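These notes concern the structure reproduced below.
The values are calculated or read from the model by the stated rules, or taken from the named source; none is laboratory data. Because the structure is predicted, anything quoted here is derived from the model rather than measured. A quick note on method: Cβ atoms are made from the backbone with ideal geometry, for glycine too, and the neighbour counts reach across all protein chains shown. In case anyone asks, the SASA skips ligands and DNA or RNA and just uses the protein heavy atoms, side chains included. Shrake-Rupley method; radii C 1.70, N 1.55, O 1.52, S 1.80 Å.
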Amino acid sequence: MTAHPTAVTTSPVTTSPVATSPATTPLPPTPGTAPMPEAHPPTLAPHYLLVGNDEKVTWDDGRIRFLAPGRDSLSIFDAAANPAAPVLVATLPLPNSLFGPPVNLAVTPDQRLALIADSMAWPERADSKGWQPTPGRDLYVVDLAATPPAIVQTLQVGLQPSGLSINRAGTMALVANKAGHSISVLSIRDGRVAVCAEVDLGTPVVAVSFSADGRRAYAVKTDTHRLAVLRIDDTGPTPRVTHDSSEDLTTGLVPFNLVVSPDGALALVVDMGSPTASDGHADSISVVDLLSNPPRVIDRVMVEDGPEGIAISLDGRHAAVAIVQGSNNPSSDWFHHPHGQIVLLRIDGRRVTRAGAIGVGALPEGIAFSPDSRYLYVGNFLDATMQVLAVEDNGLTDTGTCISLPGHPASMRAQSY
């Protein structure tokens, strides 16, 4: 989501000792339209789907409420064997956050590790009258090859780690730190992750994504309505990332998320339009031509009010955008809707057009495509469900599969770029 506390000071980046793995007993499901599929070992090469459940934030008819910590979790599904109904592999008690774009977690290309950033610390208020979220620094590394999957590292990165991305070689990751105004650079080697550097971008950054060849990355500067171009040199013992603000691109208003196409030709940037997400007005997706020199915005596709989540199919033919459309706002607001929406975009070369839209549950956040690109998974935060949609050339249809989750899905990611 979009309302973020900010910090005025930062501290040096440090690495903490390996964390003890918590118990992996699945948490009881939240009532919903269907139970979670019974967990069983995958029989094919896995294709993991991560869902971060945040139980510290809720809404009461548009009024946000902060609850006690300790009940967050990470649900790990495998979508390889049956993309139409992913199978639950494990649920780990793990703190994570709704604050920021719903891309604060990622899977390495070899499906071995998962990285999960926890954007916010959660101390009790000094007056003991509730809880006050403040920017945090924790990033967790989960060994997906372990039986069951387990947390193997806890790292300290920049302040308020938000969106993150892993390169296609699986050798490095970047983390956008909103309150830290920076990008954390991480190396990945032999199943271990290390913090290498922190690059100052001078303004809040909330999401980041690599180019196809890994030589560049693109970071969303939400307050200045810009897309930063990062240059990457990974020829040395540790990767080196640099930024020249003169190369930044101008996006639409309040950019909040982005995705790069599998062929590396395009980036799609979510222009949220308002710091409060929904405000009743139409918003846009900026289309960036990454093959031009320099890269440039070539189009904007209009979408409905309050886009946040975005994903692109592995076959590169479609992208999907999650639209909040006031579903977490007070019912008295003129722009309130009881449900969210998913907009499907068709990609043909460098041309991006609308291919349809469909209603989903309340406050859709994270979305992800199946490995065969035929299904789309949607995390409905207020409903605590994962909805499965079928992807067709002429739009999306509801398969009727709606999986109850053990918490409220704040983020979601499968293989992504």
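Each DSSP beta bridge with both residues in the chain is either parallel or antiparallel, and the antiparallel ones are about 100%. Quick one, which of (i) 22.4; (ii) 20.8; (iii) 33.6 is the actual Kirkwood radius over Cα pairs in Å calculated for this model? The value matching this structure is (ii).
Taking only protein heavy atoms into account and a 1.4 Å probe, give the accessible area per residue of the range 65-183 in Å².
Details: 3370 Å² over 119 residues.
I get 28 Å² per residue for this part.
Between A45 and D333, the FRET efficiency from the beta-carbon distance, with R0 = 45 Å, is close to 0.45. Here the range 290-367 has an Rg and Dmax of 14.5, 48 Å, counting Cα atoms alone.
Going Cα to Cα from K221, which lysines come in below 30 Å? Please leave out same-chain ones fewer than 8 positions away. Partners found: K56, K178. Comparing I183, I347, I166 in a Gaussian network model of the chain (Cα springs below 10 Å), the most mobile by mean-square fluctuation is I347.
Comparing P294, P93, P406 in a Gaussian network model of the chain where C-alpha atoms under 10 Å apart are linked, the largest mean-square fluctuation is found at P294. Taking +1 at the Cβ of each Lys and Arg and -1 at the Cβ of each Asp and Glu, which of H339, S370, F381 sits farthest along the dipole of the range 339-417 towards its positive end, judged by Cα position relative to the Cα centre? Toward the positive end, the furthest listed residue is S370.
For the chain, a Gaussian network of Cα nodes joined below 10 Å ranks S331, S370, S128 by mean-square fluctuation, and the top entry is S128.
Accessible area per residue of the range 209-328 at 1.4 Å probe, in Å²? Can you show the working numbers first?
Numbers: 4220 Å² over 120 residues.
In whole numbers, the range 209-328 has 35 Å² accessible per residue.
Per the 1.4 Å probe, what fraction of the accessible area of the chain, in percent, lies on carbon and sulfur atoms? Using a 1.4 Å probe with all protein chains present, the chain comes out at 51 percent carbon and sulfur.
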